[in-house]
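Right, one structure below, let's go through it.
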Amino acid sequence: MISPLAYIHPEAVIGENCEIGPFCYIDKNVVIGDNNLIMNSVTILYGARIGNNNKFFPGAVISAIPQDLKFHGEETTVEIGNDNTFRENVTVNRGTAAKNKTVVGSNNLFMEGVHIAHDDIIGNECIIGNGTKLAGEVTIDDKAILSANVLVHQFTRIGSYCMVGGGTKIPQDVLPYSLIAREPGAFCGLNTVGLRRRGFERNVIDNIHRAYQIIIQEGGLLKDQLKKVEEEIPSSSEIEYILDFIRTSSRGFIR
């Protein structure tokens, strides 16, 4: 299951039933779990911690040092969960002293040419489209979808169940459940199709829609808008998530 044309450092730890193709390079201080498919010409460098049942397509580079001039060789890692797919030429950089690690959850799809920079935190069941680039210290919550060639500014947060249209620039946080598109990026309503596909009930979708009518469309101070949401819309995990997301946003959010 391991090609004789692959290089594996003797200190690397490889789990059971892994397939490693020709011309792969696996560095020291790498831990790889069970049942991983590592196709030809994949590079896995110092500090990678990889779970089970992941697929790495040709040209992927995992755990390269950060593209950050503040990095001075600190002991940092890339931590990857289970059942992820990394298509051709995906790059995932190690963390820096800021967070010490870059984290990728489970059941994600990273299409061709995606870049995940230092100290990013990616949740579970996300889909990141071809050529999309994430700057450093970006957080993407579970089940978000970013289309092709999206550019995400450093320190931004992408909310769960959102949909970001192709070619969109993301300079601020993306609200959960939202649809973001255009240039410059703008709030275009709810990701209604995605929410229905995920099994959200109609009344839940309606309450999210009403919350965003108050926050996005009505005038006044943001703190007053959030208070109005709390007073007028029944409490739920979805509404609490939205309120907490906005209140903890450090960059502001796309409207």
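The values are calculated or read from the model by the stated rules, or taken from the named source; none is laboratory data. From a predicted model like this one, the values you see are computed outputs, not experimental measurements. Ideal geometry is used to build each Cβ from the backbone, glycine not excepted, and the neighbour counts take in all protein chains shown.
Taken over the stretch 61-111, the criterion of being among the small types (Gly, Ala, Ser) and over 15 Å from the mean Cα position of the chain (by Cα) is satisfied by Ser63, Ala64, Gly73, Ala97, Ala98. Working only within the stretch 211-232, note down all residues that are farther than 26 Å from Val164 by Cα and touching a helix residue (DSSP H, G or I) at 6+ places or on another chain (Cβ under 8 Å). Across the stretch 211-232, the qualifying residues are Lys228, Glu230, Glu232.
Conditions (1) of a type in the set (D, E, K, R); (2) without any contact (Cβ under 8 Å) to a residue 24 or more places away in the chain, marked per residue:
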{"position": "Arg197", "(1), (2)": "yes, yes"}
{"position": "Glu201", "(1), (2)": "yes, yes"}
{"position": "Tyr212", "(1), (2)": "no, no"}
{"position": "Gln217", "(1), (2)": "no, yes"}
{"position": "Leu222", "(1), (2)": "no, no"}
{"position": "Pro234", "(1), (2)": "no, no"}
{"position": "Ser237", "(1), (2)": "no, yes"}
{"position": "Thr248", "(1), (2)": "no, yes"}
{"position": "Phe253", "(1), (2)": "no, no"}
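Within the stretch 4-51, being small (Gly, Ala, Ser), surrounded by 15 or more Cβ atoms within 10 Å (Cβ to Cβ), touching a strand residue (DSSP E or B) at 6+ places or on another chain (Cβ under 8 Å) and not in a strand (DSSP E or B) holds for Ala6, Ala12, Gly21, Gly33, Gly47, Gly51.
Is one or more of the residues making up the stretch 211-220 part of a helix (DSSP H, G or I), of a type in the set (Phe, Trp, Tyr) and not assigned by TED's automatic domain parsing to the domain that holds Asp68? Yes: one or more hits.
For the stretch 124-136, does any single residue satisfy the condition of being of a type in the set (D, E, K, R), under 30 Å from Ala98 (Cβ atoms) and in the same structural domain as Lys70 (by TED's automatic domain parsing)? Checked the stretch 124-136: at least one residue is of a type in the set (D, E, K, R), under 30 Å from Ala98 (Cβ atoms) and in the same structural domain as Lys70 (by TED's automatic domain parsing). Within the stretch 26-44, the set of residues being over 15 Å from Asn89 (Cβ atoms) and without any contact (Cβ under 8 Å) to a residue 40 or more places away in the chain comprises Ile26, Asp27, Lys28, Asn29, Val30, Val31, Ile32, Asp34, Asn35, Asn36, Leu37. For the stretch 189-206, the criterion of being touching a Lys or Arg at 6+ places or on another chain (Cβ under 9 Å), assigned to a strand (DSSP E or B), under 22 Å from Val229 (Cβ atoms) and not assigned by TED's automatic domain parsing to the domain that holds Asn93 is satisfied by no residue at all.
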